[in-house]
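Report on the following structure.
Where a number appears in this text, it was derived from the coordinates with a stated rule and is not lab data. If you're wondering where the values come from, they're calculated on a predicted model, not measured in any experiment. A quick note on method: Cβ atoms are made from the backbone with ideal geometry, for glycine too, and the neighbour counts reach across all protein chains shown.
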Amino acid sequence: MAKTDLYESPDYYQLDELLTEEHKLIRSSVRDWVKKELSPIIEDYAQKAEFPMHLIKGLAEIGAFGPTIPVEYGGAGLDYMAYGIIMQEIERGDSGIRSASSVQGSLVMYPIYAYGSEEQRKKYLPRLASGEIMGCFGLTEPDHGSNPGGMTTNIKDAGDHFVLNGAKMWISNSPFADIAIVWARDESGKVRGLIVERGMEGFTTPTTHNKWSLRASATGELVFDNVKVPKENLLPNVSGLKGPLGCLNQARYGIAWGALGAAMDCYDTALRYAKERVQFGKPIAAFQLQQKKLAEMITEITKAQLLVWRLGVLKNENRATAAQISMAKRNSVETAINIAREARQILGGMGITGEYPIMRHMMNLESVITYEGTHDIHLLITGMDITGEDAFK
Ligand SMILES: Cc1cc2nc3c(=O)[nH]c(=O)nc-3n(C[C@H](O)[C@H](O)[C@H](O)COP(=O)(O)OP(=O)(O)OC[C@H]3O[C@@H](n4cnc5c(N)ncnc54)[C@H](O)[C@@H]3O)c2cc1C
């Protein structure tokens, strides 16, 4: 079902003027790659619920794995604006492929870079950046989703190694990951991060089937049955929930940009379709009801573009707060999911087919609105930030 990808990004307020030439160059090279390598195959992979493993090398080459990690560790050494742009272009193609990239860069490479020893950085980061090995991030448990602080996965000190027991659920990339960053409680109750490698005895990664969302992303469990993890695999420089939350901040920042990419693709597709589809002797774009939908979409996209651009400036200056990132993640995903639903209607019956990307984006976004903090939880984070009152418990 190979299709020509005619995507043009909407830029109603000339926001391109806020980007550097380097940012625009990065965007155009990632966009070209998405058009050439991702768009032609993604529908088939989503339909068969399979992650396109052959894209890993190309994703590494466009800098999708660890864009902000310094070059000396194999990263691209780019700024946060570039990171956002890369995620936006990839998610414009598919949220599942962006998810795989976010996990690798923000949830696996970032903790090794930020919390790992120099030996761990040298051992893992260059191979993760090149896609030679892939990683996953295990925080969520069957009984602890929005409340990861309740986790029961645990490690016990056994001399030269830890013994790891427990289970993680809903883990992106788990079925093929070579390593897992696993968050577990130690004997004193502190949350610690460990690098668990495929092949360690007692470590299995069963695949999660029957998803109607993120079908081109591989999801699975992580099961630990008395796994012996060498002490040198502990991330030495962090303890407590601030470890995983620091990683989630990085990833949520990327999602704020990424989900907007999906919104822009839905808008672009619906606008083109509305201009071409004739009913009652006119293009449907000439009817007020369709114009209202399209006009609302571009308004919401433009507002969200400004928000993530400003967030990028703050992130580059190391001033973006976790609450600001929450607001942007929540806003972009809500904007995207609403636009996907409206865009689908503009395409009428064609909107439900795989001939167009809209239904796939819409279904993907049902995961994006839930993972990395649900829509509700991000609202509560904003609420807590402005009132000083914690409404979680
Ligand atoms: C496709 C996919 C991929 C994922 N990938 C990963 C991954 O790679 N690594 C990982 O660790 N996790 C991953 N997750 C897990 C994801 O982060 C969790 O699903 C998410 O945090 C929500 O947890 P839950 O599903 O257990 O929902 P729950 O926490 O049970 O929430 C259920 C509902 O209750 C609401 N709720 C919960 N607490 C409150 C409260 N205090 N006040 C008001 N409402 C509340 C929530 O908003 C939600 O609507 C993934 C999930 C999906 C679907």
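Dividing the mean sequence gap of close Cα pairs (under 8 Å, 6+ apart) by how many residues the chain holds gives a relative contact order of 18 percent. Restricting segment 92-153 to GluC sites (Glu not before Pro) that sit in a DSSP loop and have at most 14 other Cβ atoms within 10 Å of their own Cβ leaves Glu132. Given a cut-off of under 8 Å on Cα pairs at least six residues apart, what relative contact order in percent is computed for segment 135-239? In percent, rounded to a whole number, it is 31.
Each label point was placed 7 Å from the Cα along the Cα-to-Cβ direction; for Ala391 and Gln47 their separation is 4.4 nm.
In terms of Cα atoms, the Rg and Dmax of segment 135-239 work out to 13.3, 45 Å. Quotient of the Cα radius of gyration of segment 242-387 and 2.2 N^0.38 Å, N being its number of residues: 1.16.
Residue order for Val313, Val278, fewest other beta carbons within 10 angstrom first, comes to Val278, Val313. When the alpha-carbon atoms of segment 15-130 are used, the pair Rg, Dmax equals 14.4, 42 angstrom. The 3J(HN,Hα) values that the Karplus relation (6.51, -1.76, 1.60; θ = phi - 60°) gives for segment 133-142 are, in residue order, 10, 10, x, 9, 10, x, 10, 5, 10, x Hz. Gly and Pro appear as x. Here Lys36 and Glu355 are evaluated by their C-beta separation; at R0 = 22 Å the FRET efficiency comes out at 0.70. Under a point spin-label approximation (7 Å from Cα along Cα-to-Cβ), what is the Asn210-Val278 distance to one decimal in nm? About 4.8 nm separates the two model spin labels. Ranking of Trp309, Trp257, Trp33 by neighbouring Cβ atoms within 10 Å, starting from the fewest: Trp309, Trp33, Trp257. Working note: Karplus 6.51/-1.76/1.60 with θ = phi - 60° gives segment 273-278 the couplings 5, 5, 6, 9, 7, 9 Hz, where Gly and Pro are set to x. Along its principal axes, the chain has C-alpha extents of 79, 47, 40 angstrom, given from the largest down.
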